[in-house]
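The values are calculated or read from the model by the stated rules, or taken from the named source; none is laboratory data. No experiment lies behind these values; they were computed from the predicted model shown. Reconstructed Cβ throughout: ideal geometry from the backbone, glycine too, with neighbour counts over all protein chains shown. Ligands, DNA and RNA are excluded from the accessible area calculation, which covers all protein heavy atoms including side chains. Shrake-Rupley method; radii C 1.70, N 1.55, O 1.52, S 1.80 Å.
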Amino acid sequence: MSPRTAAAGDLAVGDTVETVLTEDLTRTRLVMYAGASGDYNPLHTDDVYAREAAGYPGVFAHGMLTMGMTGKAVTDFVGDGDLLRYGVRFRSQVWPGDRLVATVTVTGITESAGRRIVELDVVTVNGDGVQVITGTAAAAVSA
C-alpha cells in the first residue's frame, strides 16, 4: 500500500506500508531538533564531547527525534485525528548519515463503541537493516 490516510474499509490484517523517513540524517537536523525540543544534551550536538567524554564514535540522534519521524509515518497512514495510542521501544542508536525506513503493519481491526479501531505494529530500521525502533499504535479510522 502507498503512504496515505487509510480508511478502515480499505484495510486488512497484514497490510503494510513502508516509508523512507530520511535518506541521510544530517547533523543539522539533530541540532534543529535540539532547538525545537530544548534538549541540548551534548551527546546529540557536540561531537568532541560525545567522543572524548562519553566514548561514543560521535553524536547520535535524540530517541524522540526518531520516534517523532516514525510517528509521522503512522499518521500519514491512518491519519492523526484519532490516534489512540503510540508507543515505541528504542532498540539501537541512530547516527548522522543513517537512512531510516519505517514499516507500519496492520495487526488487527476491531470495533469498539461504534468505532473501527486499527491496531498497528511499527518498525524503523537503519540502512544496515538494524531495528532502531519497534512499537505499536492504534487509531480509530473511518469506514
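A few notes on this one:
- Test for THR26: is it closer than 19 Å to PHE90 by Cα and at pLDDT 95 or above: no
- So LEU84, is it farther than 30 Å from GLY55 by Cα, in contact with a helix residue (DSSP H, G or I) (Cβ under 7 Å, 6 or more places away or on another chain), among the aliphatic types (A, V, I, L, M) and assigned by TED's automatic domain parsing to the domain that holds GLY68: no
- When the stretch 125-143 is limited to residues that are free of Cβ contacts under 8 Å to residues at least 60 places away in the same chain and surrounded by 18 or more Cβ atoms within 10 Å (Cβ to Cβ), the one that is farthest from the chain's Cα centre (by Cα) turns out to be ALA140.
- When VAL104, VAL122, VAL59 are checked against the criterion of being touching a His at 6+ places or on another chain (Cβ under 8 Å), in contact (Cβ under 8 Å) with a residue 12 or more places away in the chain and not acidic (Asp, Glu), a single residue qualifies: VAL59.
- With a requirement of 2 or more residues that are in contact with a Lys or Arg (Cβ under 9 Å, 6 or more places away or on another chain) and open to solvent by less than 70 Å² (accessible area, probe 1.4 Å), the strands (runs of 3 or more DSSP E) lying completely within the stretch 1-119 that satisfy it span 16-22, 100-112.
- Count of the stretch 130-143 residues which are part of a loop (DSSP other than H, G, I, E, B) and touching a strand residue (DSSP E or B) at 6+ places or on another chain (Cβ under 9 Å): 2
Condition check ((1) small (Gly, Ala, Ser); (2) in contact (Cβ under 8 Å) with a residue 60 or more places away in the chain; (3) touching a helix residue (DSSP H, G or I) at 6+ places or on another chain (Cβ under 7 Å)) across all residues:
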position	(1), (2), (3)
GLU18	no, yes, no
GLU52	no, no, no
GLY68	yes, no, no
LYS72	no, no, no
TRP95	no, yes, no
ARG99	no, yes, no
GLY108	yes, yes, no
ARG115	no, no, no
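- Exactly one residue out of THR75, THR45, THR70, THR26 is under 16 Å from VAL141 (Cα atoms) and hydroxyl-bearing (Ser, Thr, Tyr), and it is THR75.
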